[in-house]
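Visitor: My questions will all concern the structure given below.
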């Protein structure tokens, strides 16, 4: 299991636009359609990563709690499916349905969206305010596979509560930690 930390995109960065297919609904979703009125959580995940599997139920609980309050959740998978077929759109649909994701799970085949967000690992979390500015990027909580700490979502939840209350979110934030995004190899230059 590779342990890759978040790159920690600078706070205040505007949410990069995307328009990506949703394997569950068969529709294409763009950022403007899925944004929440108070904020938007963009999470980079995949199907096979043990770190993501470890937090899946916590993600469902958090999204179910905060989406009715105006904070939307959108998951994106950017992994190279040629080398990691468990992350294919067909498998994404299976995972979304079996886990009961209450949010869109979009497929970034070109990996341009992951690059625009400077995503590094799965899971990688970004919270944007209603103006589309980054206010939190970092870990869900201190739980990791095998460390015995329960999944609570405390770090991300704390940031969302402060956003809802209109209070500043501390700039000291711990990076997420997980498997590296499985980048496609660069085309042969010869």
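Read-outs throughout are calculated quantities, based only on the coordinates presented, and are distinct from any laboratory measurement. A quick note: this is a predicted structure, and the numbers were derived from the prediction, not measured. Positions of Cβ are backbone-derived with ideal geometry, glycine not excepted, and every protein chain shown enters the neighbour counts.
Visitor: Which condition number in (1) in contact with a helix residue (DSSP H, G or I) (Cβ under 9 Å, 6 or more places away or on another chain); (2) under 17 Å from residue 38 (Cβ atoms) is the one that residue 101 fails?
Guide: For residue 101, the failing item is (2).
Visitor: Under 6 Å between Cβ atoms, at least 6 apart or on separate chains: pull out the pairs that start in region 1-25 with a residue that is within 16 Å of residue 111 (Cα to Cα) and end on any residue that is surrounded by fewer than 16 Cβ atoms within 10 Å (Cβ to Cβ).
Guide: That search, which allows pairs on different chains as well, returns 16/116; 19/28; 19/30; 21/28.
Visitor: So is residue 74 without any contact (Cβ under 8 Å) to a residue 60 or more places away in the chain, assigned to a loop (DSSP other than H, G, I, E, B) and closer than 15 Å to residue 46 by Cβ or not?
Guide: It is false that residue 74 is without any contact (Cβ under 8 Å) to a residue 60 or more places away in the chain, assigned to a loop (DSSP other than H, G, I, E, B) and closer than 15 Å to residue 46 by Cβ.
Visitor: Next question. When you check residue 42 against the structure, is it under 14 Å from the mean Cα position of the chain (by Cα), touching a residue at least 40 places away in the same chain (Cβ under 8 Å) and over 23 Å from residue 185 (Cα atoms), yes or no?
Guide: Yes.
Visitor: Select from region 141-190 the residues that are in a loop (DSSP other than H, G, I, E, B), in contact with a strand residue (DSSP E or B) (Cβ under 6 Å, 6 or more places away or on another chain) and within 26 Å of residue 79 (Cβ to Cβ) and list them in ascending order.
Guide: 173, 174, 175, 176, listed by residue number.
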